[in-house]
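Heads up, the thing below is written out as structure tokens.
What follows is calculated from the coordinates using simple rules that are stated; it is not laboratory data. Here the structure is a predicted model, which means the values were calculated and not measured. So basically every Cβ, Gly included, is an ideal-geometry build from the backbone, and we count neighbours across all protein chains shown.
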Amino acid sequence: MSSSPYPTYLQRCGWATDSDAATSCKPLQGEQHCDAIVIGAGYTGLAIARRLAEQRPDYAIAVLEADYVGAGSPGRNSGFVLETVLSAPSKACAKKIYPLYQQAHQQLMQHSHLPTEVKQEAVFKAAATSRGEKALKQLSYFMQATGQPWHTLDAARLKQITGSDYYRSGISLPGNRLVNPAQLVSGIARHLPNSITIYEKSPALGLEQHHSSWKVRTSAGVLRAPRVFLANNAFAKGLGFGQSRSVTIFTYAGITAPLSEEARINTSSQGQWGILPAHRLGTTFRSTEDGRLLVRGMYGYEQEGGAEVKDILQRSLSKRFPALGGAQQLEQWWGGTTSLTANGAPLWGELKPGLFSSVGCNGVGIVKGWLLGGALADLSLGQSTLDVPELFGRPSWMPPEPLRQLGFMAVSSLEKKLAGGEQ
Ligand SMILES: Cc1cc2nc3c(=O)[nH]c(=O)nc-3n(C[C@H](O)[C@H](O)[C@H](O)COP(=O)(O)OP(=O)(O)OC[C@H]3O[C@@H](n4cnc5c(N)ncnc54)[C@H](O)[C@@H]3O)c2cc1C
């Protein structure tokens with residue numbers, strides 16, 4: 001079982017080849033003091049750092065990142081910036097979360113300095129099976145009841161947008177956006193206030209409390225501060241926090257080479273699009289700005305999968321786009337981590353005096369990470385903030401190993417059967 005305090009991945013991420021996605025910050029060296037230490041330069045960690053700097057311009061804030069910014073999960077994901085609330089503890093909570101997500105989405109884009117004129121609307125949930133169609137029906141009731149926009153798409157319209165006749169029907173989710181996630185996170189990192197220093201290639205290896213101060217150790221340095229923020233998601237438990245509430249799940253993405261002009265006319269004549277599956281164990285697809293197709297699927301428990309992953313992703317893609325022939329071969333594929341809790345609630349709040357955490361993204365955390373990170377910074381400053389446990393719940397207890405893994409395997413094999421052709 002992985003209990004590493006930081007991630008290492010077997011495959012290089014396909015998005016990170018983009019030259020805009022570089023930050024070049026130095027590693028931490030020697031011993032330093034600051035006012036706040038943030039562990040993890042993802043959406044959550046950067047939101048914490050930014051909000052602290054905005055509220056306390058006199059604070060010296062250090063962000064420790066295990067790898068380069070964007071080389072880990074923040075840059076390895078599928079790039080769906082979702083303001084739609086697809087699940088919540090109750091409809092009343094979803095109604096309250098929706099405007100908060102909309103605002104967080106806007107801030108995130110603004111602080112990334114990526115172009116925002118075009119709001120991508122071709123993001124939808126699509127169903128390939130009758131079970132999937134039933135799930136979409138339920139989703140449409142949920143959307144209606146929680147005041148979120150949606151409209152139905154039939155198979156012909158889905159084919160027109162994506163070039164694939166695999167799907168029976170869909171629900172369009174307006175207001176969401178598709179980005180290159182490596183560009184998004186490094187854009188945010190490059191436009192932070194000057195009082196924030198990011199240290200790359202500086203994984204936190206351990207933390208200790210000494211009276212009213214925290215000491216965080218990396219391989220080449222030590223940082224001390226009165227407050228520390230855990231924003232390293234799936235790896236907080238490797239530092240000793242949240243072991244009884246979360247597991248590390250790997251999921252995978254693969255990307256084709258840029259398609260030919262002719263193939264692009266068939267698959268993206270109406271611009272970029274993104275399909276979220278009707279079942280939670282289904283497969284995600286999208287097109288990219290530079291004319292590639294991306295597929296995201298499969299889950300691994302606490303361990304990254306090997307070459308078999310590529311074959312499974314490839315099969316899912318070929319099934320949807322048989323007419324593309326060799327052009328739909330995956331050029332690159334990679335794994336990334338997410339942190340799953342039993343009931344989907346984040347481990348958020350003050351764990352010990354001066355030690356704060358916002359981890360447990362549960363698979364969809366670009367916008368959520370930004371929202372909860374900002375709220376955590378407010379909490380640490382004693383300011384009024386969102387009632388996160390009320391809106392998102394508290395993570396429930398998980399049994400220890402080996403029961404935990406057995407439980408996960410049992411649920412996931414049942415869910416895979418239920419997902420059927422949505423995979
Ligand atoms: C293949 C894939 C596709 C996905 N698609 C989407 C999607 O389309 N939309 C969406 O919203 N979400 C998606 N997700 C989930 C999304 O990536 C996460 O929810 C999101 O990145 C969470 O942000 P975060 O900042 O909370 O944590 P993370 O993104 O996990 O960031 C944590 C950061 O901490 C660093 N770190 C870890 N340990 C340490 C340490 N000890 N010291 C220092 N740094 C450390 C990591 O390197 C990382 O940079 C996907 C995930 C994967 C793997």
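A quick yes/no check of all residues on (1) crowded, with 20+ Cβ neighbours inside 10 Å; (2) more than 29 Å from residue 244 (Cα to Cα); (3) within 16 Å of the chain's Cα centre (by Cα); (4) basic (Lys, Arg):
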position: 278; (1), (2), (3), (4): yes, yes, no, no
position: 317; (1), (2), (3), (4): yes, yes, no, no
position: 326; (1), (2), (3), (4): no, yes, no, no
position: 346; (1), (2), (3), (4): yes, no, yes, no
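Please state which one of 198, 161 is on the phi < 0 side of the Ramachandran plot, among the β-branched types (Val, Ile, Thr) and assigned to a helix (DSSP H, G or I). Going through 198, 161 in turn, just one is on the phi < 0 side of the Ramachandran plot, among the β-branched types (Val, Ile, Thr) and assigned to a helix (DSSP H, G or I): 161.
Against the condition more than 10 Å from the ligand (Cβ to nearest atom) and either out of contact with any Phe, Trp or Tyr (no Cβ under 9 Å at 6 or more places or on another chain) or under 25 Å from residue 207 (Cβ atoms) (or both), how does residue 57 come out, does it pass? Spell out how you get there, then give the answer.
Numbers: more than 10 Å from the ligand (Cβ to nearest atom): yes; either out of contact with any Phe, Trp or Tyr (no Cβ under 9 Å at 6 or more places or on another chain) or under 25 Å from residue 207 (Cβ atoms) (or both): yes.
Against the criterion (more than 10 Å from the ligand (Cβ to nearest atom) and either out of contact with any Phe, Trp or Tyr (no Cβ under 9 Å at 6 or more places or on another chain) or under 25 Å from residue 207 (Cβ atoms) (or both)), residue 57 qualifies.
Of the residues 175, 206, which is touching a residue at least 60 places away in the same chain (Cβ under 8 Å), closer than 30 Å to residue 151 by Cβ and not β-branched (Val, Ile, Thr)?
From the options 175, 206, the qualifying one is 175.
Exactly one residue out of 173, 192 is within 30 Å of residue 222 (Cβ to Cβ) and not charged (D, E, K, R): that is 192. Within the range 200-211, being out of contact with any Pro (no Cβ under 6 Å at 6 or more places or on another chain) and not hydrophobic (A, V, I, L, M, F, W, C) holds for 200, 203, 206, 208, 209, 210, 211.
Scan the range 176-193 residue by residue and report those that are under 14 Å from the mean Cα position of the chain (by Cα) and charged (D, E, K, R). Hit for the range 176-193 is 177, nothing else.
Taking the condition within 30 Å of residue 160 (Cα to Cα) and crowded, with 18+ Cβ neighbours inside 10 Å, does residue 313 pass? Criteria met by residue 313.
Those strands (runs of 3 or more DSSP E) of the range 216-284 in which 1 or more residues are within 11 Å of the ligand (Cβ to nearest atom), closer than 24 Å to residue 332 by Cα and touching a residue at least 60 places away in the same chain (Cβ under 8 Å) occupy 246-256, 274-277.
Inspect all residues belonging to the range 168-175 and state whether any of them is within 23 Å of the chain's Cα centre (by Cα), closer than 28 Å to residue 46 by Cα, away from the ligand (no atom under 13 Å from the Cβ) and not in a strand (DSSP E or B). Scanning the range 168-175 turns up at least one residue that is within 23 Å of the chain's Cα centre (by Cα), closer than 28 Å to residue 46 by Cα, away from the ligand (no atom under 13 Å from the Cβ) and not in a strand (DSSP E or B).
Residues are listed down the side, and each one gets a yes or a no for (1) in contact (Cβ under 8 Å) with a residue 12 or more places away in the chain; (2) among the small types (Gly, Ala, Ser); (3) in contact with a helix residue (DSSP H, G or I) (Cβ under 8 Å, 6 or more places away or on another chain):
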{"site": "71", "(1), (2), (3)": "yes, yes, yes"}
{"site": "79", "(1), (2), (3)": "yes, yes, yes"}
{"site": "96", "(1), (2), (3)": "yes, no, yes"}
{"site": "106", "(1), (2), (3)": "no, no, no"}
{"site": "134", "(1), (2), (3)": "no, no, no"}
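None of 213, 186, 202 is farther than 22 Å from residue 366 by Cα, within 16 Å of the ligand (Cβ to nearest atom) and hydroxyl-bearing (Ser, Thr, Tyr) except 202. When you look at residue 313, is it assigned to a helix (DSSP H, G or I), out of contact with any helix residue (DSSP H, G or I) (no Cβ under 6 Å at 6 or more places or on another chain) and closer than 30 Å to residue 210 by Cα, yes or no? No, not satisfied. Residues that are of a type in the set (Gly, Ala, Ser), in contact (Cβ under 8 Å) with a residue 24 or more places away in the chain and within 19 Å of residue 344 (Cα to Cα) were ranked within the range 377-418; the one that is surrounded by the fewest Cβ atoms within 10 Å (Cβ to Cβ) is 396.
If you go through the range 51-74 and keep only what is within 18 Å of residue 359 (Cβ to Cβ) and either of a type outside the set (A, V, I, L, M) or touching a Lys or Arg at 6+ places or on another chain (Cβ under 7 Å) (or both), you end up with 51, 65, 67, 72, 73, 74.
How about the range 215-241: which of its residues are of a type outside the set (A, V, I, L, M) and surrounded by 22 or more Cβ atoms within 10 Å (Cβ to Cβ)? Full working, then the answer.
Let us first name the residues in the range 215-241 that are of a type outside the set (A, V, I, L, M), namely 215, 217-219, 221, 224, 226-227, 229, 232-233, 235, 237-238, 240-241.
Correct list: 227, 229, 232, 233, 235, 237.
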